Amino acid sequence: MNVTQLSVFVENKPGHLQGVLKILGEANINIVTLTIAETSDFGILRMIVNDPENGAKALRDNHITCSITDVLAIEIDDKPGSLYRAIETFSRRQLNIEYMYAFTEKRQDKAVMIFRFDDIEAAKQALAEEGYGIVKRIDIIGE
Amino acid sequence: MFNKEFEAMPLKKMKELQLERLRWATGHAYKNNAFYKKKFDAAGFHPDQLKTLDDMKRVPLLTKQDMRDNYPFGLFCVPMDRVVRVHSSSGTTGNATVVGYTKNDVGVFAEVVARCLASYGATEKDVIQVAYGYGLFTGGLGLHYGSEKLGAMTIPISGGNTERQLMLIKDFGTTMIACTPSYMLNIADYIEKKRPDFKIKDTKLRAGILGAEPWSENMRKEIEHRLGIDAYDIYGLSEIIGPGVSCDCSEKSGLHVFEDHFYVEIIDPETGDILPEGSKGEIVYTTLTKEAFPAIRYRSRDITRLYHDHCKCGRTLVKMEKVSGRSDDMLIIRGVNVFPSQIESVLMEVEGTEPHYQIIVDRKGAMDDVEVMVEVSEKIFSDELKVLDGLSKKISDRFRSVLGISAKITLVEPMTIARSEGKAVRVVDKRKI
């Protein structure tokens with residue numbers, strides 16, 4: 001199962017990220033993990049939240065540009081070399097990672113990595129064949 | 001056609017009428033206004049010398065500065081007790097210009113606007129929602145009186161309050177709405193964001209009467225596509241009368257000028273020389289029937305072209321091209337002449353870019369620095385940096401190849417650029433030259 005990511009366009013200026021977080025907070029949206037890709041003028045805030053649909057709606061109502069994208073969350077062992085082996089699978093199959101980031105919290109002895117692919121189905125197929133656990137959305141948000 | 005006698009008048013007859021009226025207008029200004037008398041005398045021109053239309057070149061040109069210098073009533077040519085109405089320009093670039101109307105002038109104003117509405121196919125059966133501002137600005141009252149003159153049901157809602165505009169479109173059965181093209185796009189944005197349940201096609205709205213700011217053919221296409229209505233241009237300037245100097249007809253291939261009331265010439269903005277028909281240059285107006293505030297050879301600063309093309313609509317009136325810019329809005333960037341409308345065309349070419357942009361020109365050292373702020377809508381947003389970077393690069397490349405200037409493209413959040421419900425602020429020139 002895919003994980004839904006909420007992506008938000010934020011200008012790289014004081015107070016702008018805060019404005020986005022205020023809207024999400026007031027809409028009772030909980031952020032599970034996040035990352036920001038930045039340029040000198042703007043950033044893209046990418047988040048895994050408990051309710052991406054309502055999060056997006058709250059932002060749109062406030063004229064904030066955002067989108068919802070499917071990303072892949074996979075569990076890897078929290079041990080040296082695990083990430084290397086996961087990525088080795090992708091390079092061997094010529095699957096390009098657009099970007100990736102990690103979960104802040106550990107799940108038992110596993111780490112959770114979020115991957116963005118152009119072709120998410122091909123990536124899932126590759127992982128399934130190599131026996132990696134694909135994290136279900138429901139696991140992440142703890143419901 | 002609202003007034004076939006004049007709108008389809010044979011060319012030769014129109015020229016005779018214009019000459020006769022020009023003699024009256026120049027004489028009226030000369031006799032009744034000290035400023036005009038002094039100006040004509042200084043140029044060695046007397047209204048009696050006007051024997052042919054060609055003699056118009058001897059009449060001195062009137063500038064915006066002349067109007068400002070005579071604030072408020074210095075250019076009026078009738079006793080003040082004959083003035084029944086005044087309008088005023090916003091005066092953002094200096095002192096405001098105040099224009100006056102006699103009863104007869106108000107009648108002419110209503111007549112030309114009614115002709116415009118008829119040229120878009122409106123009749124007394126139409127319901128016209130006037131969403132231009134009512135007040136000193138000529139747009140609101142101009143459209144209002146014209147719509148009443150035509151006999152259409154007129155809704156004086158004025159500008160702003162988009163939710164209410166939509167409510168009246170639906171409840172009152174509005175068939176045409178009059179507003180600025182940027183406000184029309186505002187309405188499209190509003191429907192898409194806030195009222196996706198509101199379907200224009202389920203209402204009776206079929207046309208927009210758009211003017212008061214320059215807009216491009218691409219913007220027309222976008223409005224027609226997003227709202228599913230016809231977008232017609234109405235052109236005018238308060239110094240001449242207000243909206244109704246010229247208008248699109250059903251062909252949407254140029255604006256017919258109401259030549260029985262307004263005499264038009266194209267001049268070279270540099271030398272002031274009259275250019276032959278078909279040349280691009282600055283359009284100069286002379287009012288032929290205005291009493292309170294005649295304008296004799298007024299330099300509009302609007303850049304366009306005049307031509308005759310045997311229009312299918314049946315009007316014999318000369319046509320002007322959609323105004324492609326203003327000679328005073330023209331930016332000279334590193335020696336390159338750039339009109340905001342050209343910048344708009346470049347942005348519209350890049351797929352999905354909406355014309356919510358602002359150009360900021362500044363001088364860094366000896367170099368002009370150009371920044372174009374473009375609002376990122378959901379259509380162009382991506383969670384991938386490379387896609388957004390690619391968009392900036394594409395816009396920047398188009399700027400270089402089409403306009404010959406390099407510009408920094410800055411992607412900004414929606415609603416960042418000031419979007420008045422009236423005129424959009426497209427250019428901010430911070431240079432102190």
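The values are calculated or read from the model by the stated rules, or taken from the named source; none is laboratory data. No experiment lies behind these values; they were computed from the predicted model shown. Here Cβ is always computed from backbone atoms with ideal geometry, including for glycine, and neighbour counts include all displayed protein chains. In case anyone asks, the SASA skips ligands and DNA or RNA and just uses the protein heavy atoms, side chains included. Shrake-Rupley method; radii C 1.70, N 1.55, O 1.52, S 1.80 Å.
Summary table below
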item	result
Single residue of segment B:392-403 satisfying the filter (more than 12 Å from chain A (Cβ to nearest Cβ) and open to solvent by less than 50 Å² (accessible area, probe 1.4 Å)) that is modelled with the lowest pLDDT	B:403
Residue A:49 within 12 Å of chain B (Cβ to nearest Cβ) and either of a type in the set (A, V, I, L, M, F, W, C) or over 19 Å from residue B:385 (Cβ atoms) (or both)	no
Complete set of residues in segment A:33-46 that are closer than 17 Å to residue A:23 by Cα, touching a helix residue (DSSP H, G or I) at 6+ places or on another chain (Cβ under 8 Å) and more than 9 Å from every other protein chain (Cβ to nearest Cβ)	A:45
Per-region count, segment B:254-272, residues modelled with pLDDT of 95 or more and in contact with a strand residue (DSSP E or B) (Cβ under 8 Å, 6 or more places away or on another chain)	12
Residue tally, condition out of contact with any Leu (no Cβ under 9 Å at 6 or more places or on another chain) and more than 23 Å from residue B:103 (Cβ to Cβ), over segment B:232-253	4
Counted residues, segment B:223-252 - those being touching a Gly at 6+ places or on another chain (Cβ under 9 Å) and assigned to a helix (DSSP H, G or I)	3
Unmet criterion (only one of (1) basic (Lys, Arg); (2) buried (at least 16 other Cβ atoms within 10 Å of the Cβ); (3) in the same structural domain as residue A:123 (by TED's automatic domain parsing)) for residue A:79	(2)
Enumeration of residues in segment A:96-112 that are away from every other protein chain (no Cβ under 14 Å) and either of a type in the set (D, E, K, R) or open to solvent by less than 40 Å² (accessible area, probe 1.4 Å) (or both)	A:103, A:105, A:106, A:107, A:109, A:110, A:111, A:112
Given (1) more than 14 Å from chain A (Cβ to nearest Cβ); (2) modelled with pLDDT of 75 or more, number of the condition residue B:379 does not satisfy	(1)
Output for segment A:59-73, where each listed residue is open to solvent by 50 Å² or more (accessible area, probe 1.4 Å) and over 11 Å from residue B:414 (Cβ atoms)	A:61, A:68, A:70
Residue that is within 13 Å of chain A (Cβ to nearest Cβ) and at pLDDT below 80, where the choices are B:352, B:365	B:352
Residue count for segment A:61-88, restricted to those that are within 14 Å of chain B (Cβ to nearest Cβ) and either in a strand (DSSP E or B) or among the aromatic types (Phe, Trp, Tyr) (or both)	7
Segment B:183-203, residues that are open to solvent by 10 Å² or more (accessible area, probe 1.4 Å) and either within 26 Å of the chain's Cα centre (by Cα) or within 30 Å of residue B:304 (Cα to Cα) (or both)	B:186, B:189, B:190, B:191, B:200
Segment B:406-433, residues that are within 14 Å of residue B:347 (Cα to Cα) and at pLDDT below 80	B:426
Matching residues, segment B:382-391, being in a helix (DSSP H, G or I) and either without any contact (Cβ under 8 Å) to a residue 24 or more places away in the chain or facing chain A (nearest Cβ under 7 Å) (or both)	B:385, B:386, B:387, B:388, B:389, B:390
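Matching residues to (1) of a type in the set (Val, Ile, Thr); (2) modelled with pLDDT of 95 or more:
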{"site": "B:39", "(1), (2)": "no, yes"}
{"site": "B:46", "(1), (2)": "no, yes"}
{"site": "B:77", "(1), (2)": "no, yes"}
{"site": "B:81", "(1), (2)": "no, yes"}
{"site": "B:86", "(1), (2)": "yes, yes"}
{"site": "B:90", "(1), (2)": "no, no"}
{"site": "B:97", "(1), (2)": "yes, no"}
{"site": "B:102", "(1), (2)": "yes, yes"}
